[in-house]
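Visitor: Would you mind keeping the following structure in view while I ask a few things?
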Amino acid sequence: MTSYTASHWGIYEVDRTEDGAPALRPLSDDPDPSPIGLHQLAPEVMACRIRRPAIRKSWLEGGPGSRPELRGAEPFVEAPWDEALDLVAAEVARVSAAHGNAAIFGGSYGWASAGRFHHAQSQIHRFLNMAGGYVRHTESYSLGAAHVIMPHIVGSMADMMADHSTWDVLADHTRLFVCFGGVPAKNAQSSPGGAGRHRVRDGLRGMAEAGCRFVNIGPCHDNLDTGHPAEWIPCRPNTDAALMLALAWQLQAEGLHDAAFLASHTTGYDRFAAYLTGALDGVPKSPDWAEPITGVPAAQIVALARDMAASRTMLNISWSLQRAHHGEQPFWMLVTLAAMLG
């Protein structure tokens, strides 16, 4: 009988070595298993695991606030579970009584286990709610700007991620796939709940085999693997919004935008168009304007805009683009560009 274990990198089958020790192998049904999780039982990984509670030496000896200048420089001392539990409980009670529960910040940002019972965030929030409440973080650094801006534009990220087009639909109907930031295979190796079957590699290759053309925009050319040649447009980091504006300008200038869709499904395009054309600030966001900013030749921007209008086009953007100053702008502009294409 086969046993299984789940991790963020996938589901693995548990085997036994000749001496009876557990060993891992990829899930037989996974077409592209991640090799990362196969090393979970390696001695060098096991040696790094935290096996019991550990407390900063000065804190253990002198209590809260002791020798803060030694943080990061002094050792941690392992403690019995009963002692560690008593110390944590006493601290929660002390801070609550002296400062109120609003002075307690609860956050375990790591994913912890792929299941829910061993999920560190779920457990810390349950515990602190039972203690009378606390202050918690909102959103995430992974997708923080997008979580904040997208509900004001088109909908929540949770809803949009639940409504992704399936790979077979993309293969059947997408003729041009334009991605900002690529589709890195490494990003598809992990999932908070544990990936069952890794589908990105075969999904991209299926699209390419169906005749889809790929254009990868960004500083890295090797973060999109379709099994077939893909076009790469080098773009200076943090200038993606400027490039999208130039594409939008070209669509507008040649009348290639879908005016009927914009009128029936969006609001505010007239205000955006005033900025895009330069009527608002005297600066047309043209390909010539974008070239020195992005490093992408104006002629290449013009050609891509025309191809996007002439083909059934899918636009894709990497989460990484919003992890920057004004990181909400590329996401906002991508939706605007998609709306202009109808």
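Visitor: Could you say which residue among T174, T138 is touching a Cys at 6+ places or on another chain (Cβ under 9 Å) and either under 24 Å from P192 (Cα atoms) or not hydrophobic (A, V, I, L, M, F, W, C) (or both)?
Guide: Answer to the check: T174.
Visitor: Condition first: within 15 Å of L251 (Cβ to Cβ) and within 28 Å of the chain's Cα centre (by Cα). Now tell me which residues in region 279-306 satisfy that.
Guide: A290, I301, L304, A305
Visitor: With respect to S320, determine if the residue is modelled with pLDDT under 95 and not basic (K, R). Let's see the steps before the verdict.
Guide: Values: modelled with pLDDT under 95: yes; not basic (K, R): yes.
Taking the combined requirement at face value, the residue satisfies it.
Visitor: Under 7 Å between Cβ atoms, at least 6 apart or on separate chains: pull out the pairs that start in region 191-213 with a residue that is among the charged types (D, E, K, R) and end on any residue that is assigned to a helix (DSSP H, G or I) and surrounded by 15 or more Cβ atoms within 10 Å (Cβ to Cβ).
Guide: R199/W167; R201/A185
Visitor: In region 24-35, which residues are part of a loop (DSSP other than H, G, I, E, B) and either under 20 Å from M46 (Cβ atoms) or not small (G, A, S) (or both)? Steps first, answer last, please.
Guide: Within region 24-35, the first condition is being part of a loop (DSSP other than H, G, I, E, B), and the residues that meet it are 27-35.
Passing the criteria: L27, D29, D30, P31, D32, P33, S34, P35.
Visitor: Here's another thing I want to ask about it. Please go through region 1-23 and pick out each residue that is part of a loop (DSSP other than H, G, I, E, B) and polar (S, T, N, Q). Outline the logic, then answer.
Guide: First pass over region 1-23, keeping only residues part of a loop (DSSP other than H, G, I, E, B): 1-2, 8-9, 17-21.
Result: T2, T17.
Visitor: Pairs only if they're at least six apart or on different chains, beta carbon under 8 angstrom, first in region 33-50 and under 25 Å from A188 (Cα atoms), second at pLDDT 90 or above and of a type in the set (K, R); list them, first residue then second.
Guide: L38/R25
Visitor: While we're here: Among helices (runs of 4 or more DSSP H) lying entirely in region 112-202, which contain 2 or more residues that are among the charged types (D, E, K, R) and at pLDDT 90 or above?
Guide: Values: elements: 120-130, 144-149, 157-162, 167-173.
Answer list for region 112-202: 167-173.
Visitor: Mind checking which residues of region 152-178 are touching a strand residue (DSSP E or B) at 6+ places or on another chain (Cβ under 8 Å), surrounded by 17 or more Cβ atoms within 10 Å (Cβ to Cβ) and closer than 16 Å to G203 by Cβ?
Guide: Those that are touching a strand residue (DSSP E or B) at 6+ places or on another chain (Cβ under 8 Å), surrounded by 17 or more Cβ atoms within 10 Å (Cβ to Cβ) and closer than 16 Å to G203 by Cβ: L170, T174, F177.
Visitor: Quick one: is I293 touching a strand residue (DSSP E or B) at 6+ places or on another chain (Cβ under 6 Å), at pLDDT 95 or above, β-branched (V, I, T) and under 20 Å from N216 (Cα atoms)? Break it down stepwise before answering.
Guide: Numbers: touching a strand residue (DSSP E or B) at 6+ places or on another chain (Cβ under 6 Å): no; at pLDDT 95 or above: yes; β-branched (V, I, T): yes; under 20 Å from N216 (Cα atoms): yes.
Considered against the rule, which asks whether it is touching a strand residue (DSSP E or B) at 6+ places or on another chain (Cβ under 6 Å), at pLDDT 95 or above, β-branched (V, I, T) and under 20 Å from N216 (Cα atoms), I293 comes out as no.
Visitor: So for region 256-271 (the condition being surrounded by 14 or more Cβ atoms within 10 Å (Cβ to Cβ) and acidic (D, E)), does at least one residue qualify? Give the derivation first.
Guide: From region 256-271, those surrounded by 14 or more Cβ atoms within 10 Å (Cβ to Cβ) are 256-258, 261-262, 266, 269; that's our starting set.
Now restrict to residues that are acidic (D, E): 258.
Yes, region 256-271 contains a residue that is surrounded by 14 or more Cβ atoms within 10 Å (Cβ to Cβ) and acidic (D, E).
Yes or no, residue by residue, for (1) at pLDDT below 95; (2) in a strand (DSSP E or B):
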{"position": "R49", "(1), (2)": "yes, no"}
{"position": "I55", "(1), (2)": "no, yes"}
{"position": "S58", "(1), (2)": "no, no"}
{"position": "S66", "(1), (2)": "yes, no"}
{"position": "E74", "(1), (2)": "no, no"}
{"position": "V88", "(1), (2)": "yes, no"}
{"position": "V92", "(1), (2)": "no, no"}
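Visitor: Confirm whether C235 is crowded, with 19+ Cβ neighbours inside 10 Å, among the hydrophobic types (A, V, I, L, M, F, W, C), on the phi < 0 side of the Ramachandran plot and not in a helix (DSSP H, G or I). Steps first, please.
Guide: Details: crowded, with 19+ Cβ neighbours inside 10 Å: yes; among the hydrophobic types (A, V, I, L, M, F, W, C): yes; on the phi < 0 side of the Ramachandran plot: yes; not in a helix (DSSP H, G or I): yes.
In short, yes.
Visitor: On to the next question. When you go through (1) over 24 Å from R312 (Cβ atoms); (2) over 19 Å from the mean Cα position of the chain (by Cα) one by one for D258, which number turns out not to apply?
Guide: Evaluating D258 over (1) over 24 Å from R312 (Cβ atoms); (2) over 19 Å from the mean Cα position of the chain (by Cα) leaves (1) as the failure.
The values are calculated or read from the model by the stated rules, or taken from the named source; none is laboratory data. As the structure is a prediction and not an experimental result, all values here were calculated from the model. Virtual Cβ from ideal backbone geometry, glycine too; neighbours counted across all protein chains shown.
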